[in-house]
1. Would you please list the contacts, defined by Cβ atoms under 9 Å and residues six or more apart or on different chains, that run from a residue in the range 25-41 that is farther than 12 Å from residue 72 by Cα to a residue that is in a helix (DSSP H, G or I) and of a type in the set (Asp, Glu)?
2. Mind checking which pairs have a first residue in the range 48-70 that is closer than 21 Å to residue 30 by Cβ and without any contact (Cβ under 8 Å) to a residue 12 or more places away in the chain and a second that is part of a helix (DSSP H, G or I) and among the acidic types (Asp, Glu), Cβ under 9 Å, 6 or more apart or different chains?
3. Looking at (1) modelled with pLDDT under 95; (2) crowded, with 16+ Cβ neighbours inside 10 Å, which is the only condition residue 45 fails?
4. With respect to the numbered conditions (1) of a type outside the set (Phe, Trp, Tyr); (2) surrounded by fewer than 18 Cβ atoms within 10 Å (Cβ to Cβ); (3) at pLDDT below 95, which one is the sole condition not fulfilled by residue 85?
5. Does residue 78 satisfy being surrounded by 12 or more Cβ atoms within 10 Å (Cβ to Cβ) and in contact (Cβ under 8 Å) with a residue 40 or more places away in the chain?
Amino acid sequence: MIIRFDRENIAYEQPLYNAVSRVLKRRPNATFELVAVAPASGGKARQALNSDRVRRSAENVLRSLQGMGIPPQRVEISARTSAQATTNEVHLYVN
């Protein structure tokens with residue numbers, strides 16, 4: 001699942017819940033990888049600002065996952081920049 005934070009107040013919780021529920025029905029012990037992806041465009045200051053913002057967004061998504069009952073030890077978190085990203089994104093993968 002990819003959540004694009006291209007505006008304020010992204011309503012990602014219900015789609016996130018639906019996606020995670022489908023995974024857990026098939027694989028009850030699934031683990032997840034949460035990746036904060038910031039655009040690689042702009043100068044160093046812009047990249048640092050984007051990285052900070054997307055990290056906070058990823059932390060919010062993690063809190064949402066925890067609110068759904070996913071223990072933190074089942075979620076691996078990382079961050080990166082991407083030349084393909086045009087806005088801050090949080091990617092959720094099933095391990």
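1. That search, which allows pairs on different chains as well, returns 36/59; 38/52.
2. Partner pairs satisfying both residue conditions: 67/13.
3. Just one mismatch for residue 45, condition (2).
4. (2)
5. no
The values are calculated or read from the model by the stated rules, or taken from the named source; none is laboratory data. It should be emphasised that the depicted structure is a prediction, and the values quoted were computed from it without experimental measurement. Backbone-built Cβ (ideal geometry, glycine too); neighbour counts: all protein chains shown.
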